[in-house]
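Enquirer: This is the structure I have questions about; it appears just below.
The values are calculated or read from the model by the stated rules, or taken from the named source; none is laboratory data. All figures in this text were calculated on a predicted structure; none of them were measured in a lab. Cβ: placed from backbone, ideal geometry, glycine included. Neighbour counts: every protein chain shown. When the accessible area is computed, the model is the full protein with side chains, heavy atoms only, and any ligands, DNA or RNA have been set aside. Shrake-Rupley method; radii C 1.70, N 1.55, O 1.52, S 1.80 Å.
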Amino acid sequence: MTETKTTFCRICENQCGLLVTVDKNRITHVEPDKDHVVSKGFACIKGLSIEKMRTTPDRITTPLKKTDKGFEAISWQQAFDEIGAKIRQLRKDHGDESVGAYFGNPISFSPLMPIFWTAFTQGLNTHKAYNTGSLDCNNKFLVSQHLYGSPMALTFPDIDRLECLIMIGANPAISKMSFINLPDPVRRLQEVEARGGKVFNVNPRRTETAKAVGEQVFIRPDTDVFMLLGFLNDILARNAVDEERISQFMSGFEALKPLCADWTPERQAELTGISADQLRRLVDSYLNANGAALYASTGINQGSNGTLAFWLLEVINAVTGNLDRTGGSLMGLGIFDYGKATKDADKEVFHSRIGNTRSFLGALPAALMADEILEPGEDQVRAMFVLSGNPLLTATNSDKLGRALDKLELLVSIDIVRNETAEYADYILPGTHFTERPDIPFSFVSLSGLSPNPWYQYTDKLLDPPGECRDELWIIRQLAKVCDAPLFGSKLLQTVVNTGERLGQLPLVGKRLTPMSERLLGLISRMGKQGGLRTLRRHPHGKVLPRIEGDSYLGKRVLTDDGKVQLAPDVFIELAAQRLESSFAKARQEKNVYRLITKRERFSHNSWTHNDIAFVKGKRQTNYLYLHPEDAEKLGCKDGDMIEVSTDSGAVTLPASISDDMMPGTVALPHGWGHQQASGLSVANKTHGVNANILAADGPSAIEPLSGMAQFNGFSVSLKVAGAA
Ligand SMILES: Nc1nc2c(c(=O)[nH]1)N[C@H]1C(S)=C(S)[C@@H](COP(=O)(O)OP(=O)(O)OC[C@H]3O[C@@H](n4cnc5c(=O)[nH]c(N)nc54)[C@H](O)[C@@H]3O)O[C@H]1N2
Ligand SMILES: Nc1nc2c(c(=O)[nH]1)N[C@H]1C(S)=C(S)[C@@H](COP(=O)(O)OP(=O)(O)OC[C@H]3O[C@@H](n4cnc5c(=O)[nH]c(N)nc54)[C@H](O)[C@@H]3O)O[C@H]1N2
Ligand code: SF4
Ligand SMILES: [Mo]
């Protein structure tokens, strides 16, 4: 029977509403849900292509075990028995810390998964937990923790009402934006201009966004922190601050003047490439607007000073009175105060034996993973679980990480396909596609409320998973049982879960019981006063929640000890003292080196969309190194010539694409490629792209010191022509 069902996409933060036609447990048609309360008929090519991803012939549909003859299908029972036995043995012989776990990005869009994964790693009693936070945005969580009192107290620009938006290191036309739920972002940015407002794109590349909306402001990679210091310096010099708000709601203001006293617009110009006049004009636009926001994304997160830069950005929004202002930068609030609920998420601190590196939010930097596995010693990681991740392509120093993965005594990948990381696995466990799971929107939308138009929705699962594929929550629960890792380390909880599961298996009773994930999603929804699932099913296109207005945060729900926004936390002041002058001096010395930045592409989603032929046909079958015509001339390079890019970590060779969208001295290289060895990806493995992260450095000296963020943007590379087109 053909049925049309509503759901929402879970590939990126937009969570666009979709209308999905289902016939005989297959999707026969997908279209944007024009009645969705917020996305209103917007969806991108990725969301519309989900059935091809879901039903790829390369989908793994049984547990797999690596044998001498390659990967062979085995039963769940055998997989769990063998994995459990090995983990118990390793824990007995080498201690709990010998087992590690990596949590990837795609499944974090299903709010129950991070909770259960944390429960599992806590049950394993290991501190060797890694996730994409340290590849993506931990600097933002860290800044929120210190300024606002909780890592999940996060701000977002009030796009539909502001008059000036300065976007630093973001490319919404392609990425659809991050840390904000903003379906159809380009249209909504164009509306800012249509109502007389201004949009600026601060970026070393003239992006697809900049071509569609706003003004381009070229900046040299990894110099944003100096631009922001100059910005703040100018604001303080003009005394353009909101004294009343500062005295009432903020502390630490006095420390800002000495911090940026030396960083005049003139001084920052030496490095950033933004002239003093140009910066002052930016400040003019920002101050003259009736509501403005600075917003930054991975372009600064993945730089070497992401924490300091994002701190300064939040400080500028705060001291100018734009924080908590309608048409400024609003503090998110989801269906409950998630900031409050996660206030202590970083309470338990531990250190890695690698560089004595501090944990953050219960995890260690992913850039330490290879060392943790390779360095002999008491805490050496000997086994890893990877859930919905592909660190071999997405984390740092891929060649070294490959050697590390190869050395593991046990690697278990839980995925829907056999990706590059899974090539190294001993067992691969077949999980579900998001259409095969019930859900509520991503935590940034539903819990942190990073949305100019808040909404909520529940979706049932639309399809039964193929073959032996099982919901990841079920997989995690079984792993917890066989690894002797009671969820959250609580034997009581595990017993309750086991009992629930046994009841669910009883012939008559089982069918009538609500499955566990639905029960939990119902519980979260009721806790957030959205009613149970039955109520929510009456809103198939989502449900509108009240908008977040200005003057709803300061003095009311700030989570710091004194209830004030901390403008100048000691840790940041100290880091600034240690780092700013030396970073500046180093960057000045290296003015003439080539700097590499990343570039997201419409048809690539990190590492996992290249197995669809439509996404990689023609010119799209490889990534390119983008460089400015002047640089091409210097190098003697023509369009399409092969060019070798190298760092201390490794080298890659790929075709050049010459474009004056690049800033001279800057080259861009899309990540997520390098699939040639992935025998489980029959389309992707015929593509020609190279793995950008062979170039990215790992280890304790390569990360941002406070947040543990890896650096993908702005490191120096050597270039040479390696052959003609
Ligand atoms: N050079 C460079 N590197 C980067 C970045 C960059 O900008 N430049 N960006 C970084 C960022 S921001 C991120 S978030 C990371 C992402 O890094 P990762 O999360 O490690 O990698 P992904 O490519 O997103 O996907 C991982 C896997 O998830 C699987 N998957 C998808 N959906 C599901 C599901 O529902 N269930 C299960 N079990 N598996 C699923 C896919 O099949 C794929 O194999 O990459 C980072 N790496
Ligand atoms: N099509 C597509 N969409 C995606 C993804 C994808 O891989 N493909 N990934 C998703 C994920 S996981 C995330 S986290 C989001 C990220 O969303 P965004 O952060 O918007 O991602 P990008 O498009 O990489 O934008 C980063 C921009 O920073 C610029 N940049 C690089 N270095 C610097 C610098 O030093 N300074 C400044 N000012 N700018 C710099 C780059 O040129 C680039 O335009 O996108 C999500 N959406
Ligand atoms: S914009 Fe994001 S959420 Fe919307 S359809 Fe595309 S990938 Fe899915
Ligand atoms: Mo990301």
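Enquirer: Just checking, does the range 70-91 include any residue being buried (at least 23 other Cβ atoms within 10 Å of the Cβ) and touching a Pro at 6+ places or on another chain (Cβ under 9 Å)?
Expert: yes
Enquirer: Related question: Any idea how many residues of the range 455-477 are under 17 Å from residue 516 (Cβ atoms) and small (Gly, Ala, Ser)?
Expert: 0
Enquirer: Here's another thing I want to ask about it. Please work out if residue 156 is of a type in the set (Phe, Trp, Tyr) and surrounded by fewer than 23 Cβ atoms within 10 Å (Cβ to Cβ).
Expert: On the way: of a type in the set (Phe, Trp, Tyr): yes; surrounded by fewer than 23 Cβ atoms within 10 Å (Cβ to Cβ): no.
No.
Enquirer: Could you list, in sequence order, the residues of the range 329-374 that are of a type in the set (Gly, Ala, Ser) and in contact with an Asp or Glu (Cβ under 6 Å, 6 or more places away or on another chain)?
Expert: Across the range 329-374, the qualifying residues are 367, 370.
Enquirer: Moving on to the next point. Looking at the structure I just gave you, is residue 181 in contact with an Asp or Glu (Cβ under 8 Å, 6 or more places away or on another chain), within 17 Å of residue 713 (Cα to Cα) and within 16 Å of ligand 3 (Cβ to nearest atom)?
Expert: So residue 181 does not fit the description; no.
Enquirer: Let me ask another. Which of the numbered conditions does residue 316 fail, given that it passes all the others? Conditions: (1) within 16 Å of ligand 2 (Cβ to nearest atom); (2) without any contact (Cβ under 8 Å) to a residue 12 or more places away in the chain.
Expert: (2)
Enquirer: Now for a separate question. For residue 181, state whether it is within 11 Å of ligand 2 (Cβ to nearest atom), buried (at least 23 other Cβ atoms within 10 Å of the Cβ) and outside the structural domain of residue 38 (by TED's automatic domain parsing). Break it down into steps so the answer makes sense when it comes.
Expert: Working: within 11 Å of ligand 2 (Cβ to nearest atom): no; buried (at least 23 other Cβ atoms within 10 Å of the Cβ): yes; outside the structural domain of residue 38 (by TED's automatic domain parsing): yes.
In short, no.
Enquirer: Quickly run through the range 349-366 and pick out the residues that are open to solvent by 30 Å² or more (accessible area, probe 1.4 Å) and more than 21 Å from residue 154 (Cα to Cα).
Expert: Filtering the range 349-366 for residues open to solvent by 30 Å² or more (accessible area, probe 1.4 Å) gives 349, 351, 353, 355-356, 358, 361-362.
Across the range 349-366, the qualifying residues are 349, 351, 353, 355, 356, 358.
Enquirer: Still on this structure, please answer the following. Filter the range 500-522 down to the residues that are more than 22 Å from residue 118 (Cβ to Cβ) and open to solvent by less than 90 Å² (accessible area, probe 1.4 Å), then identify the one that is modelled with the lowest pLDDT.
Expert: 509
Enquirer: Here is a further query. Hey, among 675, 605, 671, which residue is within 16 Å of ligand 3 (Cβ to nearest atom), within 30 Å of residue 53 (Cβ to Cβ) and open to solvent by less than 40 Å² (accessible area, probe 1.4 Å)?
Expert: Unique residue meeting the criteria: 605.
Enquirer: Give the residue, chosen from 720, 638, 634, 686, that is open to solvent by 10 Å² or more (accessible area, probe 1.4 Å), of a type in the set (Lys, Arg) and within 24 Å of residue 402 (Cβ to Cβ).
Expert: 686
Enquirer: Select from the range 209-249 the residues that are buried (at least 20 other Cβ atoms within 10 Å of the Cβ), free of Cβ contacts under 8 Å to residues at least 60 places away in the same chain and not aliphatic (A, V, I, L, M) and write down the one among them that is nearest to residue 598 (Cα to Cα).
Expert: The qualifying residue nearest to residue 598 (Cα to Cα) is 209.
Enquirer: Might you check whether a residue that is more than 28 Å from residue 143 (Cβ to Cβ) and of a type outside the set (D, E, K, R) occurs anywhere in the range 578-589?
Expert: yes
Enquirer: Scanning for something within 15 Å of ligand 2 (Cβ to nearest atom) and either more than 26 Å from the chain's Cα centre (by Cα) or surrounded by 23 or more Cβ atoms within 10 Å (Cβ to Cβ) (or both), does the range 121-131 turn up at least one residue?
Expert: yes
Enquirer: Report whether or not residue 495 is outside any loop (DSSP other than H, G, I, E, B) and either surrounded by 18 or more Cβ atoms within 10 Å (Cβ to Cβ) or not charged (D, E, K, R) (or both).
Expert: Yes: the conditions hold for residue 495.
Enquirer: What are the residues in the range 280-314 that are open to solvent by less than 10 Å² (accessible area, probe 1.4 Å), part of a helix (DSSP H, G or I) and in contact with a Ser or Thr (Cβ under 8 Å, 6 or more places away or on another chain), if any?
Expert: Within the range 280-314, 286, 306, 307, 314 meet the criteria.
Enquirer: Are there any pairs with C-beta distances below 8 angstrom linking a residue in the range 663-692 that is over 27 Å from residue 219 (Cβ atoms) and more than 12 Å from ligand 1 (Cβ to nearest atom) to a residue that is among the aliphatic types (A, V, I, L, M) and assigned to a loop (DSSP other than H, G, I, E, B), with the two at least 6 apart or on different chains, and if so which?
Expert: 683/616; 685/678; 687/616
Enquirer: Which of the helices (runs of 4 or more DSSP H) contained wholly in the range 1-110 include at least 1 residues that are touching a residue at least 40 places away in the same chain (Cβ under 8 Å) and within 16 Å of ligand 3 (Cβ to nearest atom)?
Expert: Correct list: 45-48, 50-54.
Enquirer: Here is a further query. When only residues in the range 35-60 that are of a type in the set (A, V, I, L, M, F, W, C) and within 13 Å of ligand 1 (Cβ to nearest atom) count, which is farthest from residue 609 (Cα to Cα)?
Expert: Across the range 35-60, the extreme among qualifying residues is 60.
Enquirer: Here is a further query. What residue, among those in the range 111-120 that are in contact with a strand residue (DSSP E or B) (Cβ under 9 Å, 6 or more places away or on another chain) and in a helix (DSSP H, G or I), is surrounded by the fewest Cβ atoms within 10 Å (Cβ to Cβ)?
Expert: The qualifying residue surrounded by the fewest Cβ atoms within 10 Å (Cβ to Cβ) is 114.
Enquirer: Let me ask another. Hey, can you tell me all the residues within the range 4-42 that are touching a strand residue (DSSP E or B) at 6+ places or on another chain (Cβ under 7 Å), closer than 17 Å to residue 539 by Cα and acidic (Asp, Glu)?
Expert: Result: 33, single match.
Enquirer: Something else now. Check whether at least one residue in the range 642-651 is farther than 30 Å from residue 584 by Cα and touching a Leu at 6+ places or on another chain (Cβ under 8 Å), and report yes or no.
Expert: If we filter the range 642-651 for residues that are farther than 30 Å from residue 584 by Cα, which is where we start, we get 642.
Pick out the ones that are also touching a Leu at 6+ places or on another chain (Cβ under 8 Å) and you get 642.
Looking through the range 642-651, at least one residue is farther than 30 Å from residue 584 by Cα and touching a Leu at 6+ places or on another chain (Cβ under 8 Å).
Enquirer: Could you check the range 374-486 for strands (runs of 3 or more DSSP E) lying wholly inside it with 1 or more residues that are open to solvent by 10 Å² or more (accessible area, probe 1.4 Å) and touching a residue at least 40 places away in the same chain (Cβ under 8 Å)?
Expert: Of the strands (runs of 3 or more DSSP E) lying wholly inside the range 374-486, those with at least 1 residues that are open to solvent by 10 Å² or more (accessible area, probe 1.4 Å) and touching a residue at least 40 places away in the same chain (Cβ under 8 Å) span 410-415, 427-430.
Enquirer: Additional query: Among the helices (runs of 4 or more DSSP H) lying completely within the range 156-225, list those that include at least 2 residues that are in contact with a Gly (Cβ under 8 Å, 6 or more places away or on another chain) and either within 16 Å of ligand 1 (Cβ to nearest atom) or not small (Gly, Ala, Ser) (or both).
Expert: Answer list for the range 156-225: 185-194.
Enquirer: I would also like to ask the following. Report, by residue number, each residue of the range 14-28 that is open to solvent by less than 20 Å² (accessible area, probe 1.4 Å) and either acidic (Asp, Glu) or within 16 Å of ligand 4 (Cβ to nearest atom) (or both).
Expert: Residues satisfying the conditions are 14, 15.
Enquirer: Test residue 97 against the stated conditions and say whether it is open to solvent by less than 40 Å² (accessible area, probe 1.4 Å) and either at pLDDT 95 or above or more than 16 Å from ligand 4 (Cβ to nearest atom) (or both).
Expert: yes
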